[in-house]
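Colleague: Please read through the structure below; I'll follow up with questions.
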Number of protein chains: 2
Amino acid sequence: MILMKIGFVGTGVMGGAIIKNLMAAGHSLTVFNRTKQKADKLITAGAVWAPTPKAVAAQSDIVFTMVGFPKDVEQVYFSKEGLFAGLHKGATAIDMTTSRPSLATKIAAAGKQHGFNILDAPVSGGDIGAQNATLTIMVGGDEECYRQMIPLFKTIGKTANYFGLAGAGQHAKMANQIMIAGTMTGLTEMLLYTRQAGLDEQKILETLSSGGADNWSMDNYVPRILRDDYTPGFFARHFLKDLRIALEEAAKMGLDLRATNEAKRLYEIMVDIKGLGNQGTQGLINIY
Amino acid sequence: MILMKIGFVGTGVMGGAIIKNLMAAGHSLTVFNRTKQKADKLITAGAVWAPTPKAVAAQSDIVFTMVGFPKDVEQVYFSKEGLFAGLHKGATAIDMTTSRPSLATKIAAAGKQHGFNILDAPVSGGDIGAQNATLTIMVGGDEECYRQMIPLFKTIGKTANYFGLAGAGQHAKMANQIMIAGTMTGLTEMLLYTRQAGLDEQKILETLSSGGADNWSMDNYVPRILRDDYTPGFFARHFLKDLRIALEEAAKMGLDLRATNEAKRLYEIMVDIKGLGNQGTQGLINIY
């Protein structure tokens with residue numbers, strides 16, 4: 001593989017793990033994060049710090065972004081000290097944040113004007129997937145650009161699927177989150193019922209896993225709940241953001257997704273009312 | 001294995017398949033069904049017809065029941081021509097219908113008075129599981145009786161777990177159905193979003209299956225939906241019955257299961273308003 005000058009904006013749980021895999025493959029990394037100390041370990045490991053997204057862009061041929069909310073994405077790309085102020089012509093920027101499809105379209109259009117290649121490429125697989133380079137990557141944007149990035153995607157994930165023009169990767173991720181809204185609310189209410197009925201939780205988990213009720217979320221999160229572990233694989237406040245985007249997009253397309261809407265209301269109680277947004281998504285059980 | 005005189009009340013999709021497996025193991029079967037013609041093939045295959053549940057009971061050491069609704073179960077056990085009017089002392093009756101935990105308790109108490117052994121043993125795994133003898137069986141009732149029935153359970157399923165006194169098998173099944181309410185509503189709304197956003201449905205299915213959104217219902221029902229196949233593996237009207245029981249029981253225990261309640265409302269639209277209760281549960285997508 002050709003070794004490249006890669007920039008990375010956002011060195012959180014996910015970004016940090018992805019950066020390590022990119023460095024392990026031999027690429028040189030320039031990084032920025034809003035809270036610098038979260039990048040300290042990466043700098044010790046060989047990444048170069050840059051003081052702004054613009055400065056990251058100036059040092060890089062390809063820049064990944066993975067931040068929290070759409071407003072953060074907007075700032076990273078469009079502000080005075082943002083990526084678009086520093087990228088070279090012909091450079092590529094890839095947003096891995098789960099964000100609005102319409103924002104992905106806006107970034108792609110602005111990028112095209114300036115001669116940059118833009119992809120939206122949100123991921124699934126969580127912290128474990130990022131660490132083990134087994135992420136699933138959902139890509140939207142120019143197909144030729146996607147093809148050129150496949151070797152890089154293979155360095156950090158197991159699957160990178162192309163879904164169409166700018167925003168299509170974000171739409172695919174929304175479909176993923178809508179499915180997970182069902183498994184998370186289902187496993188939460190299943191476990192509440194199990195406890196209240198006085199059944200053996202471990203035996204229920206084994207029984208349900210062996211049949212038609214089986215799902216990844218149950219297999220991975222119920223054991224954590226059973227040992228009162230609510231540390232985030234995936235922050236509840238980020239999941240709520242995703243559900244809000246999914247429902248806004250659905251409404252724009254004329255869809256009323258009632259079960260997903262109920263899931264959003266439940267996560268609103270968890271995040272906005274109970275203040276548990278820094279727990280993992282499995283903490284939903286703590287609102288009942 | 002000791003060959004036994006087994007009775008079976010309810011020769012529908014599930015019951016019929018289970019009966020075939022019992023006969024294949026060498027047991028002699030006496031059967032009753034409300035609509036006799038649904039038992040014709042089994043009779044041709046060697047099962048003996050009896051005109052009432054009482055008459056089934058009179059010919060059998062062990063009787064299985066698998067009918068539609070709790071009111072049907074009640075009639076099968078308690079009516080003048082019901083099982084309790086025909087069973088021998090020391091005989092065993094096993095209700096595999098998904099039904100009310102409180103009804104299971106009532107049957108067990110009445111059975112005990114008459115010297116019968118009673119188990120509640122609802123199953124999961126659907127038509128395929130019944131045919132291939134890979135059902136998961138959730139058992140409540142006397143534990144010693146459960147132990148004696150294990151060889152028979154192994155003839156028709158892959159797992160038979162004991163959950164506690166009468167009604168506990170039904171409670172375990174309710175937990176199972178609550179989980180499935182989440183996967184079914186989730187996959188339905190996921191697929192609606194996918195279509196409306198113009199994404200490749202097959203590629204979305206593959207992508208979601210490879211990550212944290214993976215679940216049995218999606219893997220098994222989305223392919224059926226994609227070929228417009230709404231034939232019942234499991235009738236929507238039976239699933240709605242299960243969700244109603246689950247929510248009634250939850251309410252009795254002081255639980256407000258909001259996501260499951262929304263799922264129930266959606267299946268009410270499908271079954272009560274749109275009249276699609278004879279489709280499989282995957283037909284939920286037809287209400288949107």
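The values are calculated or read from the model by the stated rules, or taken from the named source; none is laboratory data. Being a predicted model, the structure only gives us computed values, none of them experimental. Using ideal geometry, Cβ is built from the backbone for each residue, glycine included, and neighbour counts are taken over all protein chains shown. Accessible surface areas use protein heavy atoms only, side chains included; no ligands, DNA or RNA. Shrake-Rupley method; radii C 1.70, N 1.55, O 1.52, S 1.80 Å.
Colleague: Are any residues in region B:231-265 within 11 Å of another protein chain (Cβ to nearest Cβ) and not in a helix (DSSP H, G or I), and if so, which ones?
Modeller: B:GLY233, B:PHE234, B:MET253, B:GLY254, B:LEU255, B:ASP256, B:LEU257
Residue-wise test of (1) within 25 Å of A:ASN132 (Cβ to Cβ); (2) of a type in the set (A, V, I, L, M); (3) assigned to a helix (DSSP H, G or I); (4) at pLDDT 95 or above.
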residue: A:ILE6; (1), (2), (3), (4): yes, yes, no, yes
residue: A:GLY16; (1), (2), (3), (4): yes, no, yes, yes
residue: A:GLY26; (1), (2), (3), (4): yes, no, no, yes
residue: A:ARG34; (1), (2), (3), (4): no, no, no, yes
residue: A:LEU42; (1), (2), (3), (4): yes, yes, yes, yes
residue: A:ALA57; (1), (2), (3), (4): no, yes, yes, yes
residue: A:LYS80; (1), (2), (3), (4): no, no, no, yes
residue: A:THR98; (1), (2), (3), (4): yes, no, no, yes
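Colleague: Out of B:ASP214, B:ASP228, B:ASP200, report the one residue that is among the acidic types (Asp, Glu), over 20 Å from A:THR183 (Cβ atoms) and within 8 Å of chain A (Cβ to nearest Cβ).
Modeller: B:ASP200
Colleague: Collect the residues in region A:142-182 that are touching a Pro at 6+ places or on another chain (Cβ under 7 Å) and basic (Lys, Arg), keeping them in residue-number order.
Modeller: If the condition is that a residue be touching a Pro at 6+ places or on another chain (Cβ under 7 Å) and basic (Lys, Arg), then A:LYS173 is the only one that fits.
Colleague: Of the residues B:VAL73, B:VAL48, B:VAL56, which is open to solvent by less than 40 Å² (accessible area, probe 1.4 Å) and under 13 Å from B:LEU29 (Cα atoms)?
Modeller: B:VAL56
Colleague: For region A:279-288, how many residues meet the condition of being under 27 Å from A:ALA172 (Cβ atoms) and away from chain B (no Cβ under 11 Å)?
Modeller: Residues flagged as under 27 Å from A:ALA172 (Cβ atoms) and away from chain B (no Cβ under 11 Å) within region A:279-288 amount to 4.
Colleague: Where residues in region A:206-221 are assigned to a helix (DSSP H, G or I) and hydrophobic (A, V, I, L, M, F, W, C), which of them is farthest from B:ALA172 (Cα to Cα)?
Modeller: Taking the candidates together, the pick is A:TRP216.
Colleague: Sticking with this structure for a sec: Being touching a residue at least 12 places away in the same chain (Cβ under 8 Å), more than 22 Å from A:SER102 (Cα to Cα) and more than 7 Å from chain B (Cβ to nearest Cβ) narrows it down to one residue among A:ILE118, A:ILE156; which is it?
Modeller: A:ILE156
Colleague: Within region B:178-193, is there a residue that is more than 7 Å from chain A (Cβ to nearest Cβ) and touching a Phe, Trp or Tyr at 6+ places or on another chain (Cβ under 7 Å)?
Modeller: The answer is no; no qualifying residue exists.
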